[in-house]
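Below is one structure, written out as structure tokens, with a few remarks after it.
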Amino acid sequence: MFQFLKKHAAAAAKEGAPPEGAASVSRSAGDRLDSSLAVSVGLCVLVFIVLQWMGSYSPHWGKSIWHHVSEAFLLFSVTLALMPMYWLCAGSLRRKNKTFVVTWGAVLVQLLFFGFIRHVTADITSDIGNELLYIPYMMAPLIVTVLLGPLLGMFATISICMLGGFFILPEQYAPEKQVQFWILSSLSGMLTVLLTHNLRNRAQLLRAGFFVGLLVMVLCCIMGVINLQAWDYNLTGVLVCLAVAFGVSMLTSVLISGVLPIIEGAFKIITPISWLEMADMNCPLMKRLQMEAPGTFHHCLMVAQLAEAAAEAIGANPIECRVEAYYHDIGKMQNPLYFIENIMDGPNPHDELTPSMSARIIIDHVQDGVALARENNLPRPLVDVIEQHHGTSLAYFFYRKALQYRDEILSRVESGLASPDDVPEVVESNFRYKGPNPQSKETGIVSLADIVESATRSMGKISCEEMQKRVDELLKQRVVDGHLDDSGLTFGDLKKIRNSFIKTLKSIHHNRIAYPSHNPEAKIEKNVLPDVSVREQEEKAVKKESEGKAVPEIMELPDAGTRTLQEGKSTEAEMENGAVTEKNETES
């Protein structure tokens, strides 16, 4: 056991350490508390204390001191057994204390609701229905699933069944009622997770409340929680019980839909709904980018298309990748004309600057973007992708230009035309981004999509083979440089990302047939119809084939059809393109 713990502690320390030569990730006081081990231990102790306090007020506990101690020990054992399950379900989120607070906080709040409902409904329980009708079974699973994911949502469901069924229910509950509670709680919780694990709009919360309420109502009728035999003499009471069983879940979903934005803001958790809201192109920052740096805006749209498809291919968060791609280059708005995609027909301002100054302007767009993101209160993942999408990579174009400039000065010094003091010093670190490297899969995908889109667009019209070769070179270069070491991406993920990039790039860089001129006075210098001799030869070939004779192996076709076809293009489209190209060359 000691060796096992030592091994995992060393692995965790290695994962948390920054790569050699990379800048460390900036962490605020809140981030340090969120990952503090002392805070984690304190939260676990607090959960045990709260559960013991809740259990001590339950009438299910024994009266003598020994019964009290035995029940407390049993409660402690069950809670302790749930902790490893939480550790497994939390996955990469286990390092964040806010994940623990939200998950166990939702569970404890629902258990407190159980106790409150038990006292409130004690006087109104009748022979038609009992307290099980008034319990909001979907509250904790709904909150945890929407905020933290389906695995933790299932953990919340299991925790409610274990703790609520054993320790919160009053002593007068018969064993069959405990079974009824477990069935209602587990099935409604699982249905809640299934209906909300892929949330896209807040209307899905109401839909989940409707179906869970329907399930609870049907189960209450089947298991006898609602006495349908009282239909003959107390129809109103039965209808009220049915309405309560259905309405509690609907009311829970309505209340939670209003509370979720508060929880998101308090714990700085971004839900899928929040990502969709941030993808709105009418937000002020996106409108500024579109107006001040239109080339960068179009580049961000293309990167978003590449990143979203790649994230879907490996099971990452596609909505997060799309939004991060929208915002990753907002720093270019500070000096838009110094970036090639925004230079239309004017002169290149870098022609008047030294390579080191040009590199500094290009590299500074990262820090400019971080400052702009914080000024506009963008969430932390967007700040991270702005800061990390270039990692510690080298601004190679200007670095090579600086080396060439230094070599030219050295040659002039050797010729006696310049002084040795004029030779500039080229330091590689001055041409590198400050980093850090990508720290998540989504950020790694965006960084790869960024370099792939820029490189393939700069190549102009290329074939499929050249495109695949270029993508492979770029991905290999990023792997060799250690750019993806902290991103969590595997070689299997990179293979899927590579195939997704190539598929998306083919759809982006597809060919179109050139449209002819609309000038009615333009002369047609070449007949667009096949030559008469060719048509006669085709008719003879068809006639010979119908007579059972062999068809000639080589058939002369128009010039447009004899060119070599590229991979992925149909014969018909290639012939049309060839004909139009030849016509345009003749007209010119």
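The values are calculated or read from the model by the stated rules, or taken from the named source; none is laboratory data. Quick caveat: nothing in here was measured; it's all calculated off a predicted structure. Here the Cβ positions follow ideal geometry from the backbone for every residue, glycine too, while neighbour counts run over all protein chains shown. Remember, those area values only see protein heavy atoms, side chains included, never the ligands or the DNA or RNA. Shrake-Rupley method; radii C 1.70, N 1.55, O 1.52, S 1.80 Å.
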In sequence order, calculated HN-Hα J values of the range 500-507 (Karplus, 6.51, -1.76, 1.60; Hz; x Gly/Pro): 5, 4, 5, 5, 5, 5, 4, 6
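Over 23 Å between Cα atoms: which of 461/506; 96/268; 96/441; 401/461; 287/506 fall into that group?
Beyond 23 Å between Cα atoms: 401/461; 287/506.
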Residue-level accessible surface for residue 403, protein heavy atoms, 1.4 Å, Å²: 50 Å²
Residue 396 accessible area, 1.4 Å probe, all protein chains in place, Å² to nearest 10: 130 Å²
Euclidean distance between Cα centres, the range 248-282 to the range 440-490, Å: 34 Å
Calculated FRET value between residue 461 and residue 255, using beta carbons and R₀ = 60 Å, to 0.05: 0.55
Ranking by accessible area, most exposed first, for 155, 398 with a 1.4 Å probe: 398, 155
Accessible surface, 1.4 Å probe, highest first, among residues 414, 131: 414, 131
Euclidean distance between Cα centres, the range 75-154 to the range 307-321, Å: 31 Å
Fully extended contour minus Cα-Cα distance, from residue 37 to residue 233, at 0.36 nm per residue: 64.4 nm
Karplus-derived HN-Hα couplings along the range 300-311 (A = 6.51, B = -1.76, C = 1.60, θ = phi - 60°), whole Hz, x at Gly and Pro: 5, 5, 5, 4, 4, 5, 5, 5, 5, 5, 5, 5
Exposure rank, largest accessible area first [231, 182; 1.4 Å]: 231, 182
